[in-house]
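The values are calculated or read from the model by the stated rules, or taken from the named source; none is laboratory data. This one's a predicted model, so the numbers in the text were calculated from it and none came from an experiment. Glycine also receives a Cβ, built like all others from the backbone with ideal geometry; neighbour counts cover every protein chain displayed.
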């Protein structure tokens, strides 16, 4: 029996984790605690073969990071957001434009009606910090502009400009991540996996696929229905751990913070140096 143990909100985690443990006990089955981020990382394995190692871009509502995936439970973080996650920036931008949560998918719809060159939005740390990311400044710029918006067309134009800016940031930072990945690994296999809720964004998918063609990487995305949080990806990790008999005790705690790379430096908050 597999159940998510983190990261996330402690109350939500505790409820699901307690049920998973009780269910495993009732059925006399081994219990497996799953890292929610690892479930995203392995989500493409739901419908295709995926060989290690590979470069992962995990972009969701709470996380945005580049990782080298060396195997089950073996991760090396190459870059992360120093403030907001990309999915959070999408949702907050949507809220400023009057779109209800979850707003990310609606931004893409609104952007189709707008002029992406109408607003010149910032690209924080675009030329420094390696493949680390920052979206707080972009969100703040959107906030300032929305205070002066008076027409629907201006909303469409801002959504389009936001979408374009995000694509440009990811394009530049992913190229840097490719170099970091290649520098740290001596192999010919060049696989790039994009997972998490924002991976469902068709414009971002198209841009990253084109970049992979340019840089001779194989691009892999989960099916759109498996990009957001889902039970199938948790079960996938549970299955992989079951094969290796990596079981957990019934006292395994919920972990609100549970990074994939336990050795990676924490890079959020004031005073972050890149």
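Summary of computed values
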read-out: Filter pass, residue 151 being free of Cβ contacts under 8 Å to residues at least 40 places away in the same chain and more than 30 Å from residue 258 (Cα to Cα); value: yes
read-out: Condition check for residue 33: assigned by TED's automatic domain parsing to the domain that holds residue 248 and in a helix (DSSP H, G or I); value: no
read-out: Flag if residue 242 is farther than 24 Å from residue 84 by Cα, modelled with pLDDT of 95 or more and outside the structural domain of residue 22 (by TED's automatic domain parsing); value: no
read-out: Residues satisfying the stated conditions in region 230-246, i.e. within 18 Å of the chain's Cα centre (by Cα) and either over 25 Å from residue 2 (Cα atoms) or in a loop (DSSP other than H, G, I, E, B) (or both); value: 230
read-out: Matching residues in region 1-23 - criterion: being touching a residue at least 24 places away in the same chain (Cβ under 8 Å) and assigned to a helix (DSSP H, G or I); value: 10, 13, 14, 17, 21
read-out: Residue within region 183-194 that is without any contact (Cβ under 8 Å) to a residue 60 or more places away in the chain and assigned to a helix (DSSP H, G or I) present; value: yes
read-out: Unique residue being touching a helix residue (DSSP H, G or I) at 6+ places or on another chain (Cβ under 8 Å), over 30 Å from residue 243 (Cβ atoms) and in contact (Cβ under 8 Å) with a residue 12 or more places away in the chain when the list is 81, 93; value: 93
read-out: Pick from region 217-229, criterion modelled with pLDDT under 95 and assigned to a loop (DSSP other than H, G, I, E, B), ranking: nearest to residue 4 (Cα to Cα); value: 229
read-out: Conditions (1) free of Cβ contacts under 8 Å to residues at least 24 places away in the same chain; (2) not assigned by TED's automatic domain parsing to the domain that holds residue 236: number failed by residue 73; value: (1)
read-out: Some residue of region 200-210 being modelled with pLDDT of 95 or more, within 17 Å of the chain's Cα centre (by Cα) and closer than 20 Å to residue 72 by Cβ; value: no
read-out: Residue that is surrounded by the most Cβ atoms within 10 Å (Cβ to Cβ), among those in region 35-65 that are in contact (Cβ under 8 Å) with a residue 60 or more places away in the chain and more than 22 Å from residue 87 (Cα to Cα); value: 54
read-out: Output for region 138-148, where each listed residue is surrounded by fewer than 16 Cβ atoms within 10 Å (Cβ to Cβ) and free of Cβ contacts under 8 Å to residues at least 24 places away in the same chain; value: 140, 144, 147, 148
read-out: Of residues in region 43-53 being touching a strand residue (DSSP E or B) at 6+ places or on another chain (Cβ under 8 Å) and part of a helix (DSSP H, G or I), the one nearest to residue 6 (Cα to Cα); value: 43
